[in-house]
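The values are calculated or read from the model by the stated rules, or taken from the named source; none is laboratory data. This is a predicted model, so every value here is computed, not measured. Glycine also receives a Cβ, built like all others from the backbone with ideal geometry; neighbour counts cover every protein chain displayed.
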Amino acid sequence: MAYDPFKPSTMSGSQAEAAQIDLGLRSYMLQVYNYMASGIALTGIVAYLVASSPTFIHAIFGTPLMWVVMLAPLGAVFFLSIKINSIKFSTAQIIFWAYAALMGVSMASIFLVFTGTSVARVFFITAGMFGAMSLYGYTTKRDLSAFGSFLFMGLIGIVLASVVNIFLASTALQFAISVIGVLVFTGLTAYDTQRIKELYNSIDDSEVYGKKALMGALTLYLDFINLFIMLMQLLGNRRD
């Protein structure tokens, strides 16, 4: 007799529960990726529009407003991370989209420093690497939590080395930062994907569901953007 998925009586209770969890998880992860992809698209569009306008470029990067644009996204991330449990889901969404737009303004300089062709090429390389590692993190049975501390220490090292290099302006150090950064954010993509997947089991209502998906999207968004920036430093062609 052919199996009919619409007849629950043909499945045991455990099988039906497993199927329901699997479908729910897929829907949850799809929402995470949709938020992330939409955020990246918004960032890219804003970056391109700002870079295409001499007026915006002069108003932002030729004045102290540049520091506001650079620091505002960081403030938005910290605020959302700290307040996510106390604010409404709709408010969290507004902050997420505002953050993605602010990141676009901040990243407009990439279009000014690197050629458009190399930006597009590195973007697709980043997308391929991100997709492969996120798929690995989603499908692997191996527990990646042991790598979390190691990757976090690598991330702290990158931040500290980047601050030091602001004063040293060392090409060799920047190259090392970029190489290590690619390794760290590649690993974080797999680690964070697995962690986001596991968080699904702790969701107990629709409000929490939306917030978890949004924060998961923000985490993967940061992994993608930072991986893209590191690869641009290594593979991007600078304008003459």
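Have a look at PHE96, PHE147 and point out the one that is within 19 Å of GLY75 (Cα to Cα) and either modelled with pLDDT under 90 or of a type outside the set (Asp, Glu) (or both).
Values: PHE147 fails: within 19 Å of GLY75 (Cα to Cα).
None of the other options fit; the residue is PHE96.
Might you check whether a residue that is over 22 Å from TYR33 (Cα atoms), outside any helix (DSSP H, G or I), without any contact (Cβ under 8 Å) to a residue 40 or more places away in the chain and more than 18 Å from the chain's Cα centre (by Cα) occurs anywhere in region 157-167? Can you show your working first?
Quick first cut of region 157-167, residues over 22 Å from TYR33 (Cα atoms) only: 157-167.
Applying the additional criterion that residues be outside any helix (DSSP H, G or I) yields none.
Scanning region 157-167 turns up no residue that is over 22 Å from TYR33 (Cα atoms), outside any helix (DSSP H, G or I), without any contact (Cβ under 8 Å) to a residue 40 or more places away in the chain and more than 18 Å from the chain's Cα centre (by Cα).
Taking only pairs six or more apart or across chains, which ones have beta-carbon atoms under 7 Å, a first residue in region 188-204 that is within 15 Å of ALA217 (Cβ to Cβ), and a second residue that is among the β-branched types (Val, Ile, Thr)?
Pairs that qualify, where the first residue is within 15 Å of ALA217 (Cβ to Cβ) and the partner is among the β-branched types (Val, Ile, Thr), are ASP192/THR219; ILE196/VAL32; ILE196/THR219.
Does at least one position in region 198-213 carry a residue that is modelled with pLDDT of 95 or more, aliphatic (A, V, I, L, M) and assigned to a helix (DSSP H, G or I)? Please lay out each step first, then the result.
Looking only at region 198-213, we keep the residues that are modelled with pLDDT of 95 or more, and these are none.
Taking every residue of region 198-213 in turn, none turns out to be modelled with pLDDT of 95 or more, aliphatic (A, V, I, L, M) and assigned to a helix (DSSP H, G or I).
Hey, THR193 hits all of (1) surrounded by 18 or more Cβ atoms within 10 Å (Cβ to Cβ); (2) under 18 Å from LEU231 (Cα atoms) but one; which does it fall short on?
(2)
Looking for whichever is among the hydrophobic types (A, V, I, L, M, F, W, C), free of Cβ contacts under 8 Å to residues at least 60 places away in the same chain, surrounded by 13 or more Cβ atoms within 10 Å (Cβ to Cβ) and in a helix (DSSP H, G or I) here; the options are PHE96, PHE56, PHE78. Which one fits?
Values: PHE96 fails: free of Cβ contacts under 8 Å to residues at least 60 places away in the same chain; PHE78 fails: surrounded by 13 or more Cβ atoms within 10 Å (Cβ to Cβ).
Every option except PHE56 fails the conditions.
Hey, among the residues in region 215-240 that are of a type in the set (D, E, K, R) and more than 19 Å from LEU74 (Cβ to Cβ), which one's modelled with the highest pLDDT? Show your work before the answer.
Filtering region 215-240 down to residues of a type in the set (D, E, K, R) leaves 223, 238-240.
Those left that are additionally more than 19 Å from LEU74 (Cβ to Cβ): 238-240.
Values: ARG238: 92, ARG239: 87, ASP240: 75.
Result: ARG238.
What's the number of the only condition in (1) within 26 Å of THR193 (Cα to Cα); (2) at pLDDT below 80 that SER90 fails to meet?
If we test SER90 against (1) within 26 Å of THR193 (Cα to Cα); (2) at pLDDT below 80, just (2) comes out false.
What about PHE175, is it loosely packed, with under 15 Cβ neighbours inside 10 Å, at negative phi, touching a residue at least 40 places away in the same chain (Cβ under 8 Å) and hydrophobic (A, V, I, L, M, F, W, C)? Even if it seems obvious, please write down each step before you answer.
On the way: loosely packed, with under 15 Cβ neighbours inside 10 Å: yes; at negative phi: yes; touching a residue at least 40 places away in the same chain (Cβ under 8 Å): yes; hydrophobic (A, V, I, L, M, F, W, C): yes.
Here the answer is yes, as PHE175 does meet what is asked.
Considering only residues that are hydroxyl-bearing (Ser, Thr, Tyr), more than 19 Å from GLN233 (Cβ to Cβ) and assigned to a helix (DSSP H, G or I), which ones fall in region 104-154?
Initial filter on region 104-154 (hydroxyl-bearing (Ser, Thr, Tyr)): 106, 109, 115, 117-118, 126, 134, 136, 138-140, 145, 149.
Now drop any that are not more than 19 Å from GLN233 (Cβ to Cβ), which leaves 134, 136, 138-140, 145, 149.
SER134, TYR136, TYR138, THR139, SER149 - these are the residues of region 104-154 that are hydroxyl-bearing (Ser, Thr, Tyr), more than 19 Å from GLN233 (Cβ to Cβ) and assigned to a helix (DSSP H, G or I).
Among the residues of region 81-93, how many are surrounded by 13 or more Cβ atoms within 10 Å (Cβ to Cβ), assigned to a helix (DSSP H, G or I) and without any contact (Cβ under 8 Å) to a residue 12 or more places away in the chain? Let's see the steps before the verdict.
Going residue by residue through region 81-93, those that are surrounded by 13 or more Cβ atoms within 10 Å (Cβ to Cβ) are 84, 87, 89, 91-93.
Next, only the ones that are assigned to a helix (DSSP H, G or I) stay: 89, 91-93.
Okay, now just the ones that are also without any contact (Cβ under 8 Å) to a residue 12 or more places away in the chain, so 91.
Final tally of qualifying residues: 1.
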